[in-house]
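Have a look at the structure below, then the notes.
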Amino acid sequence: MPNKSFVEDMITLGSGVLSNLADARHEIKAQAKQRASSLVRDLDLVTREEFDAAFAMLAKARGAQEDIAARLARIEKHLNLSSVKSTIKNKKPSLPSVKTKKTKRARK
């Protein structure tokens with residue numbers, strides 16, 4: 001039966017094409033990932049952990065600065081140096097908020 005062998009040949013050809021397409025998909029995905037990694041490296045971007053660490057150091061430094069400014073104001077008041085212009089700002093500078101967002105890890 002020529003029709004049966006033709007159908008079997010088409011099924012075999014179709015499965016070969018699907019297999020090649022799946023392989024091409026994986027290869028393109030790997031190349032895109034490699035190029036994205038290279039681009040990120042070239043842009044010298046920081047990781048989330050590095051950013052959070054730097055932000056924590058900034059918050060700590062600002063807190064220490066506010067403590068020192070308050071101590072200086074108390075010392076000036078104690079020594080009656082009210083004529084000295086105070087460099088303390090009444091309004092505290094606000095830190096930008098960093099939202100902690102749990103991200104889903106990509107499936108490998």
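Quick notes
- In order along the range 42-52, the Karplus-derived 3J(HN,Hα) couplings, from 6.51 cos²θ - 1.76 cosθ + 1.60 at θ = phi - 60°, round to 5, 7, 6, 7, 9, 7, 4, 5, 5, 5, 4 Hz, and Gly and Pro are given as x.
- ³J(HN,Hα) computed for each position of the range 4-16 - Karplus, 6.51 cos²θ - 1.76 cosθ + 1.60, integer Hz, glycine/proline x: 5, 5, 5, 5, 5, 5, 5, 5, 5, 5, x, 5, x
- Magnitude of the charge dipole, the range 10-51, Cβ model with Lys/Arg +1 and Asp/Glu -1, debye to 20: 160
- Note on residue 59 and residue 34: with the Förster distance fixed at 35 Å, the Cβ-Cβ geometry gives a FRET efficiency of about 0.45.
- Computed over the range 1-45, the P(r) curve from all C-alpha pair distances, binned at 10 Å from the origin, holds 25, 24, 19, 16, 11, 6, 1 percent per bin.
- Per-residue HN-Hα couplings for the range 61-75 [Karplus 6.51, -1.76, 1.60; θ = phi - 60°; Hz; x = Gly/Pro]: 5, 5, x, 5, 4, 5, 4, 5, 5, 5, 4, 4, 5, 5, 5
Computed from the coordinates by the stated procedures, all read-outs in this text should not be read as laboratory data. None of the values given here were measured: they were computed from a predicted structure. Here the Cβ is made from the backbone with ideal geometry for all residues, glycine too, and neighbour counts use every protein chain on show.
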